[in-house]
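The values are calculated or read from the model by the stated rules, or taken from the named source; none is laboratory data. None of the values given here were measured: they were computed from a predicted structure. Note that each Cβ is placed from the backbone with ideal geometry, even for glycine, and that neighbours are counted across all protein chains shown. Calculation scope for accessible area: heavy atoms of the full protein, side chains included, ligands and nucleic acids excluded. Shrake-Rupley method; radii C 1.70, N 1.55, O 1.52, S 1.80 Å.
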Amino acid sequence: MDRSQLDELIAQGEHTRLEFKRQLSAASRIARTLAAFANTSGGILLIGIADDGKIKGVSSEFKEVEKLEDATDRLIQPALSVSYERLSPDGRIVLIITVPESTEKPHYLVDDSGKRTIYVRAKDKSIPTNNLIITADTANRELLKSPMARTLIQYLRKNDFITADRFAKLINISAYRAGKLLRQLAERGLLLLIDKPRPVRYALKLSE
């Protein structure tokens with residue numbers, strides 16, 4: 001990656017597949033983001049970039065990589081493979097961490113007590129859930145063109161989540177049928193099911 005490509009990434013702002021970190025404060029916190037990327041659609045983590053997109057750089061590449069490896073090897077199960085590269089725009093060190101969508105998901109974040117939690121990525125947040133629907137299917141073009149799906153996608157581009165009750169009101173059907181449709185769309189790879197905390201919510205999975 002060169003400077004112009006980095007600038008283009010930063011200009012996008014944080015989203016489902018991109019997050020900025022000024023520096024890694026703790027391995028446990030960054031492990032959430034890495035696991036969420038791997039469990040969803042993959043993503044890129046830029047270390048040395050402030051929340052407002054300004055390039056700050058990191059003071060020690062070694063310390064940042066040490067925290068990264070602690071997160072991927074010890075705190076995430078199964079262990080996660082990521083790649084990273086180093087850029088030095090204007091002499092400031094920026095690390096670009098690339099996390100592919102995993103073929104071994106779900107990846108769990110393991111805390112000090114041994115508790116295992118699944119994280120997924122919804123917009124620019126890493127969210128815990130009890131249930132990750134694994135599917136080889138992808139939403140086809142005809143599904144995405146349906147009035148129901150278009151209404152749903154339009155809503156979720158403006159809102160982080162939708163519930164069955166909200167979807168039922170949105171397209172004027174019963175809550176039972178709305179819940180069934182949302183579950184089916186999750187099984188087709190269009191949505192993420194998030195069930196912590198209740199009620200069950202759905203977020204948009206497909207990347208633009």
Just check the range 156-208 against the gyration tensor rule for me: Cα atoms, a ≥ b ≥ c as the square roots of the eigenvalues, rounded for a/c under 1.5, and otherwise prolate or oblate depending on whether a/b exceeds b/c. rounded
Pop out the ³J(HN,Hα) list for the range 98-103 in order, Karplus 6.51 cos²θ - 1.76 cosθ + 1.60 with θ = phi - 60°, rounded to Hz; leave Gly and Pro as x. 9, 10, x, 4, 7, 8
Amide H contacts under 5 Å for TYR108, placed H, 5+ residues apart: GLN77
Burial ranking of peptide ranges 94-102, 110-118 (average Cβ count within 10 Å, highest at the top): 94-102, 110-118
Could you give me the ³J(HN,Hα) list for the range 35-51, computed from phi with Karplus coefficients 6.51, -1.76, 1.60 and θ = phi - 60°, whole Hz, x at Gly and Pro? 5, 5, 4, 5, 7, 10, 10, x, x, 10, 10, 9, 9, x, 10, 6, 4
Just to confirm the number: angle between the C-alpha axis of helix 175-187 and the first principal axis of the chain, 0 to 90 degrees, nearest 10? 40 degrees
28 Å Cα-Cα reach of LYS115 towards lysines, excluding residues that sit fewer than 8 places from it in its own chain: LYS21, LYS63, LYS67, LYS105, LYS123, LYS125, LYS196, LYS205
Need one number: convex hull volume per residue for the range 70-185, Cα atoms only, in Å³. 167 Å³
For the residue pair ILE134 and ASP160, what label-to-label distance in nm results when each label sits 7 Å from Cα along the Cα-to-beta-carbon direction? 2.8 nm
Pick from ASP90, ASP160, ASP70: which residue has the top mean-square fluctuation in a GNM of the chain where Cα pairs under 10 Å get a spring? ASP90
Based on Cβ point charges of +1 for Lys and Arg and -1 for Asp and Glu, what charge dipole magnitude is obtained for the range 49-196 about its Cα centre, in debye rounded to the nearest 20? 960 debye
Over the chain: helical MRE at 222 nm, DSSP H runs n ≥ 4 each giving -39500 (n - 2.57), nearest 500: -10000 deg cm²/dmol
The range 144-178 to the range 34-86: how many Å between their Cα centroids? 34 Å
Surrounding charge for LYS158, neighbours by C-beta under 13 angstrom, Lys/Arg +1, Asp/Glu -1, total +2
Using a 1.4 Å probe on the protein heavy atoms, what percent of the accessible area of the chain belongs to carbon and sulfur? 46 percent
Given Cβ charges of +1 for Lys and Arg and -1 for Asp and Glu, the option among LEU68, LEU18, THR163 whose Cα lies farthest towards the positive end of the dipole of the chain is THR163
Take the chain, compute every pairwise Cα distance, and split them into 5 Å bins from 0; I just need the percent in each bin. 1, 7, 15, 18, 17, 14, 11, 8, 5, 2, 1, 0
Can you give the net charge of the other residues whose Cβ lies under 13 Å from the Cβ of ASP73, counting K and R as +1 and D and E as -1? -1
Using the crude model of +1 on Lys and Arg Cβ and -1 on Asp and Glu Cβ, and no other charge, please compute the dipole size for the range 1-77 relative to its Cα centre, in debye to 20. 220 debye
Can you give me the accessible area per residue for the chain, using a 1.4 Å probe, in Å²? 53 Å²
